[in-house]
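Right, one structure below, let's go through it.
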Amino acid sequence: MDIDKLKSEFLLRYGDSSENVRIFFSPGRVNLIGEHTDYNGGFVLPFAIKTGTFLLIRKNPENIFRLTSVNIDVCASVPVNEVSTKSPVPWINYPLGVINEFDLLNLELSGYDLLFYGDIPNGAGLSSSASIEMVTAFALNSLSRSGLEIMQLVNMCRHAENDFVGMNCGIMDQMAVALSKKDHALFINCTSISYQTIPFFTGRYHIIIANTNKPRELISSAYNQRVIECNEAVSAICNHRKINNLSELNFNEFEKLSTLIKNEISKKRARHVITENQRVKNAVKCIESNDLLTLGKLMTESHISLKTDYEVTGFELDTLVEESLKIPGVAGSRMTGAGFGGCTISLVHKDSADHFMTEVYRQYENKTGLKPEFYQAIPSDGVHEIIVNSQ
Ligand code: GLA
C-alpha cells in the first residue's frame with residue numbers, strides 16, 4: 001500500500017485535512033543466530049528487514065487516543081486518563097501498552113489519532129509486535145517532544161510487551177527494530193545491553209525467509225515456560241556458584257556444574273543457551289572474514305540445538321529446514337524467532353534461489369499440507385520518520 005492510499009485511509013477514518021498527519025515506519029526483524037539467549041543475558045545477531053509497520057498519526061484536541069488498523073478490523077477510543085486499563089482486544093494492547101509507558105513516566109500525552117498498517121505476516125516470528133510497539137513509541141516521543149533517548153524507547157517497548165501484553169520476551173526484538181542499520185547485522189550483548197553494527201554483505205548468497213504458515217497458538221505460555229526452565233537452571237547452579245544468568249558460563253564451566261541441575265529439561269535448556277552463545281560469537285567472526293559457508297553450518301547447528309535441547313521447533317519448522325538443506329547451494333538453514341511455527345531463514349546461493357523456492361515449496365506442501373511463503377531478507381534501517389515531499 002502506498003503512502004497516498006494510507007493518507008486517504010487516515011482521512012476517511014479521522015476526517016479533516018492531511019496537513020498535520022505525520023508518518024513513521026518501524027521494520028520487523030529476522031534473527032540470523034542467537035535464539036532464546038536474550039533473556040538469558042546472551043548474544044544475539046538480528047537485523048531489520050524491509051517489511052514493517054507504518055503509523056500515521058495526528059494530535060487531536062479531545063484528550064482521546066483513537067487507534068485503528070488497516071489490516072484488521074479494530075478500532076478503539078481510549079481517554080487519556082484510562083490508558084492503564086488493558087483492552088479486551090489483544091491487538092490494541094501493543095500500542096496501548098506503549099502509551100501507558102509514557103504515562104508511567106509521568107510524560108503526559110494529549111489525545112492522538114493513530115492509523116496502523118503492517119506488511120509483516122502476522123505470527124510469523126518476524127517481530128510484528130515489536131514493530132508496532134516501536135513505531136508507536138518513536139512517533140509519540142517525536143510528536144510530544146518528550147526527548148527520550150532511543151534506548152529508553154526500547155526499554156519502554158519491552159516493558160509494554162512484558163507487563164501489558166504478558167509475554168516475558170527479552171530485549172532483542174525491540175533493539176533490532178530500533179537500532180538496525182542498512183547492510184549491517186546488529187550484534188547485541190544482552191547482559192551489558194551494548195551493541196555493535198557489523199557490516200553484512202551476503203555477496204553471492206541470499207538470505208531467504210520461508211514462512212511455515214502454521215497457525216501459532218499459545219506461544220506466549222510455551223515461551224514463558226522456557227524462561228522459567230532457564231531460571232531453574234540458574235537457581236540450581238547458584239547453590240554452588242553465584243551467577244546472574246546462564247550466559248556467565250562457558251561450555252567447560254557448564255559441563256563441570258551441570259550435575260547440579262537435577263531437572264533434565266532445565267539442563268537441556270541451559271546447554272542450548274551456552275552453546276548458542278558460542279555460535280553467535282563464531283558467526284560474527286564468519287561475517288567479518290566473509291566465510292559464509294561456515295556461517296551456514298553454524299545456523300544449521302543452531303537449529304539442531306533448538307530442536308533437540310530447547311524443543312521449540314516442531315514438525316513444520318523441522319520439515320522446512322530438512323528440505324532446505326537438501327538443495328545444493330544451501331549453506332545453512334534454521335528457524336528464526338521464538339519458534340513453535342513462524343519462519344526459517346536459509347543462506348542460499350543466488351544461482352540456486354529459484355530452484356530452492358520451487359522445490360522446498362513442493363516438498364513442504366507434500367509433507368505438511370501447508371503452503372509456505374518466501375521472502376528475501378535484506379538488512380535494513382531501524383525505526384524512522386517518513387518525510388513526504390508535498391509538491
Ligand atoms: C521472541 C522474543 C525475543 C527472543 C526470541 C527468541 O522473538 O520476543 O525476545 O527471545 O523470541 O530468540
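The values are calculated or read from the model by the stated rules, or taken from the named source; none is laboratory data. Values in this document were obtained by computation on a predicted structure and should not be read as measured data. Cβ coordinates were reconstructed from backbone atoms using ideal geometry, including for glycine residues, and neighbour counts include every protein chain displayed.
One table, with the values for the structure above:
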quantity	calculated
Failed condition for Asp173, given (1) acidic (Asp, Glu); (2) on the phi > 0 side of the Ramachandran plot; (3) in contact with a helix residue (DSSP H, G or I) (Cβ under 6 Å, 6 or more places away or on another chain)	(2)
Spans of helices (runs of 4 or more DSSP H) in region 230-349 with at least 2 residues within 23 Å of the chain's Cα centre (by Cα)	264-288, 292-308, 315-325
Strands (runs of 3 or more DSSP E) wholly inside region 1-103 that include at least 1 residues being modelled with pLDDT of 95 or more and either within 16 Å of the ligand (Cβ to nearest atom) or on the phi > 0 side of the Ramachandran plot (or both)	22-31, 46-59
Inter-residue pairs, beta-carbon under 6 Å, first surrounded by fewer than 19 Cβ atoms within 10 Å (Cβ to Cβ) and in region 341-352, second among the acidic types (Asp, Glu), 6+ apart	none
Subset of region 104-136 that is away from the ligand (no atom under 16 Å from the Cβ) and among the charged types (D, E, K, R) - its residue that is farthest from Lys214 (Cα to Cα)	Glu108
Test result for Lys367, at pLDDT 95 or above, in a loop (DSSP other than H, G, I, E, B) and surrounded by fewer than 23 Cβ atoms within 10 Å (Cβ to Cβ)	no
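Every residue, every condition in (1) closer than 30 Å to Leu370 by Cα; (2) touching a residue at least 40 places away in the same chain (Cβ under 8 Å); (3) buried (at least 22 other Cβ atoms within 10 Å of the Cβ), yes or no:
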{"position": "Ser180", "(1), (2), (3)": "no, yes, yes"}
{"position": "Asp183", "(1), (2), (3)": "no, yes, no"}
{"position": "Ile188", "(1), (2), (3)": "no, yes, yes"}
{"position": "Lys214", "(1), (2), (3)": "yes, yes, no"}
{"position": "Asn231", "(1), (2), (3)": "no, no, no"}
